[in-house]
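Step one of this worksheet: look at the structure below.
The values are calculated or read from the model by the stated rules, or taken from the named source; none is laboratory data. Quick caveat: nothing in here was measured; it's all calculated off a predicted structure. Ideal geometry is used to build each Cβ from the backbone, glycine not excepted, and the neighbour counts take in all protein chains shown. Note: areas computed on protein heavy atoms with side chains; ligands, DNA, RNA excluded. Shrake-Rupley method; radii C 1.70, N 1.55, O 1.52, S 1.80 Å.
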Amino acid sequence: MSTYNGAAFLQSQIESILSQTIASQLELFIRDDGSTDGTKDILEKMAASPNIHVEYGSNVGFINSFLTLLKNCGEFDYYSYSDQDDVWLPQKIERAVAALEKERTTVPTLYFSNYDYYNASMQFLGHAHAPQNISFPNCLVDCAPLGFTCVMNKAARDLIAARIPVHACGHDWWTYMVCCGLGKVIFDDVSTVRYRRTGNNVSGGGKSFIAFQIWRFKKFFVGDYFTNITQMLREYETLFGSRLKESDQKILALFTKKTVPNALKKIFFPRKFRQNATDEVFLRLCFLLGRL
């Protein structure tokens, strides 16, 4: 767990982790990313528990904070990301472990589940839509699994920890790409998390229709969103490109080697990149405009 000024909801999130059905087998590692509110006071109290480990660091941003902690937390069978303001349902980790234990331990494998939206007061808002496209093309332009739903095996963690990326656009996104390209991704349609929408969340899920369209337009057409993705994909290619199967190497090259033929191949690519038709149209328009 990476925390930053999360005092308002942190206690309930930690308590939901400690209430897991297999809580006695869990170790919770928390890195505070330079909080200036009462977060540290809460963490100091919680650190009295023998299976909670807390470290305090300077503000490096949530992506670096998560990945640094993933690298430094030690050797375990499974690893899970946790946000600071959600609530985990009691069987979240047990369910994930049961699914992962059916897979080969040598194959980097990511499990992620569905989730439900709640407001800041923990009133139910709705169910998240199950992803319709979990694939290598999708992982290059989209992060289907949100971090708080993710559990990975040691093989996946070790690949990520061996070289922490500089240009990852998300700790969850990088994990998704690693497992899509080099291993396996498992989706569980059962909701295991109450995703608290506080108004300060990084992702756009759970917004009203109009608010979401504004958020999506700004993300796709304003700022450095696609520049950052291109940097991430080039770093991914440098680290893992030679280990991908040949067909996936060719798909990745469409994004890392910007040429007119590659742009045309992306525009007319025969498979879907995104989850729904509207996002797909937005993305193909970005290809046409040369933004990605």
> Across 10 Å bins from 0, what is the distribution of all Cα-Cα pair distances for segment 47-125, in whole percents?
Replying inline: 12, 37, 39, 12, 0
> In whole percent, what relative contact order does the chain give with Cα contacts below 8 Å and a gap of six or more residues?
Replying inline: 19
> Under the Cβ-under-4.7 Å rule, which cysteines of the chain stay unpaired?
Replying inline: C73, C143, C150, C169, C179, C286
>> Restricted to Cα positions, what overall size does segment 119-202 have along the principal axes? Three whole-Å values, descending.
In response: 40, 26, 24
>> Helix-only mean residue ellipticity at 222 nm, the chain, DSSP H runs n ≥ 4 weighted -39,500 (n - 2.57), per residue, nearest 500. What is it?
In response: -12500 deg cm²/dmol
> If we restrict to alpha carbons, what Rg and Dmax does segment 9-155 come to, in Å?
Replying inline: 15.9, 45
> Any idea of the accessible area per residue across the chain, 1.4 Å probe, to the nearest Å²?
Replying inline: 47
> Among N138, N114, N72, which one moves the most in a GNM of the chain with springs linking Cα atoms closer than 10 Å?
Replying inline: N72
> By accessible area of protein heavy atoms, probe 1.4 Å, what ranking do S242, S58 get, highest first?
Replying inline: S242, S58
> Under a GNM of the chain (C-alpha, springs under 10 Å), which listed residue has the highest mean-square fluctuation: C150, C180, C169?
Replying inline: C169
>> On a full-extension model of 0.36 nm per residue, what is the gain between Y225 and A263, subtracting their alpha-carbon distance, rounded to one decimal in nm?
In response: 11.9 nm
> Cross-link partners among aspartates and glutamates for K40, C-alpha distance below 14 Å, same-chain residues fewer than 8 apart left out?
Replying inline: D32, E55
>> Using a Debye calculation, one point per C-alpha and no hydration shell, please list log10 I(q)/I(0) for segment 118-165 at q = 0.18, 0.32, 0.33 Å⁻¹ in order.
In response: -0.82, -1.20, -1.19
> Among H171, H53, H129, what's the order by accessible area (1.4 angstrom probe), most exposed first?
Replying inline: H129, H53, H171
>> Beyond 11 Å, how much of the Cα-Cα pair distribution for segment 28-69 remains, as a whole percent?
In response: 63
> How large is the dipole of the chain about the Cα centre if only Lys and Arg carry +1 and Asp and Glu carry -1, each at its Cβ, rounded to the nearest 20 debye?
Replying inline: 1400
> Which lysines, on any chain, are close to K245 with Cα under 20 Å apart, when same-chain ones fewer than 8 places away are left out?
Replying inline: K184, K257, K265, K266, K272
>> With +1 on the Cβ of every Lys and Arg and -1 on the Cβ of every Asp and Glu, and nothing else charged, how large is the dipole of segment 53-159 about its Cα centre, in debye rounded to the nearest 20?
In response: 220
